[in-house]
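The values are calculated or read from the model by the stated rules, or taken from the named source; none is laboratory data. Just so it is clear, the model here is predicted, and its values are computed rather than measured. Cβ coordinates were reconstructed from backbone atoms using ideal geometry, including for glycine residues, and neighbour counts include every protein chain displayed. The area values use the complete protein model at the heavy-atom level, side chains included, leaving out ligands, DNA and RNA. Shrake-Rupley method; radii C 1.70, N 1.55, O 1.52, S 1.80 Å.
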Amino acid sequence: MTVETPKVQEPQPFAHLSAPNVVFYRQVLQAFARAKERFIVHLRPEDVAAELGRGSDEQLDQALGKLVEWGNLRADADTGRVTTVEDFHRKRFLYQLTAAGHAAEQAIEFYEEAIGRRGSLQSVALADIADQLEGLAALATQTEPDPVKVHLLLLSLAERFSSLADNAQAFMSSLRRAIDFSDGDVDGFIAYKERLIDYINRFIADLANSGARIARLLGDLESLGHARLLELAARREASDAVPEGADATAELARAESAAFAAWQNRWRGLRDWFVSAGSSRPSQARLLRQAAVTAIKQLIDTVGLLNERRSGRSDRSADFATLARWFAEAPDEETLHRLWRVAFGLAPARHLTVTAETLAVWEGDAVPGMPWAEAPPMRISPRLRRTGSYERRGKPTRVRDRSVERRMLEQATEREATETAAARARLCTDGPILLSELGALDPRAFRLFLALLGDALAARRPGETEVKTVTGDGSMEVRLSLVPDGGVVRVRTEDGVLEGPEHLIEITDLTKGAR
C-alpha cells in the first residue's frame with residue numbers, strides 16, 4: 001500500500017498584486033514591514049488596525065487570512081491572553097511576516113524606489129571617495145596595516161562608489177525623460193532649466209577635478225600593493241562564513257578566495273570608472289561628462305524650441321498636428337475631401353498636356369481676360385482617348401545630341417575663369433597702395449573690386465579706421481585703412497566714375513600659395 005505525501009503549496013507572495021483589493025493588501029503588508037523595522041515580530045489584528053488607523057473588522061480578518069494563504073504571513077495561535085475555555089476555543093492568531101513575504105516586500109520596495117527615483121549627481125561622494133582612497137594609501141605604506149580599518153574603509157568606499165554610479169545613472173535617465181516630456185509644463189520646465197544647467201555644470205567641474213585626483217590615488221595605491229589590502233578585507237569577511245563541509249580549512253580557503261575575487265572585481269570597476277584605458281576605452285567618468293555636456297545642449301535646444309512655439313512661430317510638426325485636428329473635427333466626408341484637396345492640391349492634371357496646334361492657337365488668339373466661351377477649344381490628342389496614355393508605342397525616341405551645347409558651355413566657363421583670373425591679377429597689390437593709384441578698371445575687374453570693397457566696409461565696426469577681412473570663398477584677403485584728410489578719390493571705369501574717401505588698400509590672392 002502506497003501512501004501519497006500531500007504536496008506542500010508553494011508560497012505566492014506576489015499574488016496580492018493582481019487581487020481586486022490590492023491597495024488594502026499593500027497597506028496591511030506595509031504595516032507589518034514598519035513593525036519589523038521597529039523590531040516587533042508579531043502583530044495581533046487589533047495592532048494592525050491601530051497601525052492602519054481603522055477598527056478591527058471582518059474585512060481585515062479576511063485580508064489577513066488571504067495573506068496567510070498566499071504565504072506572505074504566518075499565523076500562530078495566540079494563547080497569551082486565554083483566561084477561559086471560551087477564549088481557548090475562539091480563534092485568536094498572532095501574525096508575522098514570513099521569509100517569502102519579507103523578501104517580496106523588499107523586492108517591491110526596491111522596484112518602486114528604482115522606478116520613482118530621479119537620482120542625483122553626487123559631488124560630495126567624489127570627495128568622500130578621494131578621502132577614503134587617501135586613507136587606504138596611508139594604510140598601504142604600513143608594514144602590518146590594521147585589517148579592521150582596511151575592511152571598514154573598503155566597505156565605505158564600495159558603498160559610496162555604488163551610490164555615486166547608481167544615482168548618476170538614475171539622474172541621466174530622469175533628465176532624458178524630463179527633456180522628452182517637456183511639453184507637459186512649459187513654464188515649469190523653462191524655470192527649472194537654468195538651475196539644472198548650473199547644477200550639471202558644477203558637477204562636471206567637480207568630476208573633472210576630483211576624477212583626476214581619484215585616478216592619481218588609484219595609481220598610487222596599485223604601486224603600493226593594493227592587492228594586499230584586498231586580501232586583508234577578504235580574510236576578515238571569510239572568517240564569518242558559515243561552515244558547510246567537514247574540512248574547515250579548505251572551506252575557509254574557498255570563502256576567502258571568493259571574497260578576494262569579489263573585491264578584485266569591485267576594484268576593477270572603480271578603476272574603469274575613473275581611469276581610461278586608451279582612446280578606444282574611455283573611463284565611465286569621461287563618458288558621464290560627455291553625456292552631461294550633451295544633456296546641456298539638448299536642454300538649451302529644447303528650451304529654444306519651446307520658446308519658438310510660445311512666440312507663435314510655426315514648424316512642420318505643429319502644422320501637421322493642426323491639420324490632423326482639422327481632419328478629426330470635419331463634420332462629414334465631403335468636408336474631408338475638400339480639406340484634402342486644399343491642403344495637398346493632389347488634383348488630376350491630364351488636361352495640362354495638349355497638342356502643339358492647340359498651343360499655337362492659344363498663343364495667337366487667346367488674350368488675358370477672354371471669356372471661356374470665346375476662348376479657343378482645347379484639343380486633346382486622340383491617342384489619349386484610345387489608349388489612356390500620351391506615350392507612342394514603338395521604338396523609343398532618339399536621344400538628342402547635345403555635344404554642341406556642351407562645347408559652348410565649356411568655352412563660356414573657360415572664358416569666365418580666364419577673365420576672373422585676369423581680374424584677380426589686375427587687383428592684387430604688392431603692398432598697401434592708395435585707391436587713387438589703382439587706375440582705370442575694366443568691367444570684370446571693377447565688379448570684383450566692388451565686391452572686395454563691400455566685404456571690407458561691411459566688416460569694419462563703427463569708429464574703426466582700419467579693417468582686414470577675407471572673402472567668403474577664402475580666396476582673397478583685403479586690408480583697408482582710411483587716410484586722414486585724404487580727400488575724395490575717383491576710380492574710373494568703362495561704366496563710369498566711383499567717388500569716395502581716400503583709403504590705403506592691400507589685396508592679396510590667397511590661392512597663390514596653394515597652387
Of residues in the range 459-468 being of a type in the set (Lys, Arg) and open to solvent by 70 Å² or more (accessible area, probe 1.4 Å), the one nearest to Ile505 (Cα to Cα): Lys468
What is the number of the single condition among (1) open to solvent by less than 60 Å² (accessible area, probe 1.4 Å); (2) within 30 Å of Glu256 (Cα to Cα); (3) at pLDDT below 85 that Phe110 does not meet? (1)
Pairs where the first residue, in the range 254-275, is within 10 Å of Phe161 (Cβ to Cβ) and the second is β-branched (Val, Ile, Thr), C-beta under 7 Å, 6+ apart: Phe274/Ile214
Might you check whether a residue that is modelled with pLDDT under 70, hydrophobic (A, V, I, L, M, F, W, C) and open to solvent by 90 Å² or more (accessible area, probe 1.4 Å) occurs anywhere in the range 349-358? yes
Going by the conditions given, is Gly486 surrounded by fewer than 16 Cβ atoms within 10 Å (Cβ to Cβ) and over 26 Å from Glu416 (Cα atoms)? yes
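To keep it simple, each residue is scored yes or no on (1) within 48 Å of the chain's Cα centre (by Cα); (2) surrounded by 12 or more Cβ atoms within 10 Å (Cβ to Cβ); (3) modelled with pLDDT under 90; (4) more than 14 Å from Leu94 (Cβ to Cβ).
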site	(1), (2), (3), (4)
Gln27	yes, yes, yes, yes
Asp57	no, no, yes, yes
Glu69	yes, yes, yes, yes
Ala75	no, yes, yes, no
Restricting attention to the range 12-25, which residues are out of contact with any Lys or Arg (no Cβ under 8 Å at 6 or more places or on another chain) and open to solvent by less than 70 Å² (accessible area, probe 1.4 Å)? Pro13, Ala15, Asn21, Val22, Phe24
Residues of the range 473-506 satisfying the condition of being within 19 Å of Ala445 (Cβ to Cβ) and not in a strand (DSSP E or B): Asp473, Ser475, Glu494, Asp495
Against the conditions (1) open to solvent by 50 Å² or more (accessible area, probe 1.4 Å); (2) free of Cβ contacts under 8 Å to residues at least 40 places away in the same chain, where does Thr471 fall short? Just the number, please. (1)
Taking the conditions exactly as written (over 25 Å from Val497 (Cβ atoms), polar (S, T, N, Q) and open to solvent by less than 40 Å² (accessible area, probe 1.4 Å)), does Thr418 satisfy them or not? no
Condition met for Ala456 (open to solvent by 30 Å² or more (accessible area, probe 1.4 Å), among the hydrophobic types (A, V, I, L, M, F, W, C) and touching a residue at least 12 places away in the same chain (Cβ under 8 Å)): no
Counting only residues that are surrounded by 11 or more Cβ atoms within 10 Å (Cβ to Cβ) and either within 14 Å of Ser436 (Cβ to Cβ) or not acidic (Asp, Glu) (or both), the range 491-511 contains a total of 14
When Glu144 is evaluated against the numbered criteria (1) modelled with pLDDT under 85; (2) exposed (fewer than 14 other Cβ atoms within 10 Å of the Cβ), which criterion, by number, is the only one it fails? (1)
Can you confirm whether Arg479 is at pLDDT 80 or above, open to solvent by 80 Å² or more (accessible area, probe 1.4 Å) and under 17 Å from Leu510 (Cβ atoms)? yes
Among helices (runs of 4 or more DSSP H) completely within the range 373-460, the ones holding 1 or more residues that are at pLDDT 75 or above are 403-427, 443-459
Of the residues Glu222, Glu194, only one is under 30 Å from Thr302 (Cβ atoms) and either open to solvent by 60 Å² or more (accessible area, probe 1.4 Å) or at pLDDT 80 or above (or both); which? Glu194
Please verify whether the range 229-239 includes one or more residues that are at pLDDT 85 or above, farther than 18 Å from Gly135 by Cβ and open to solvent by less than 10 Å² (accessible area, probe 1.4 Å). yes
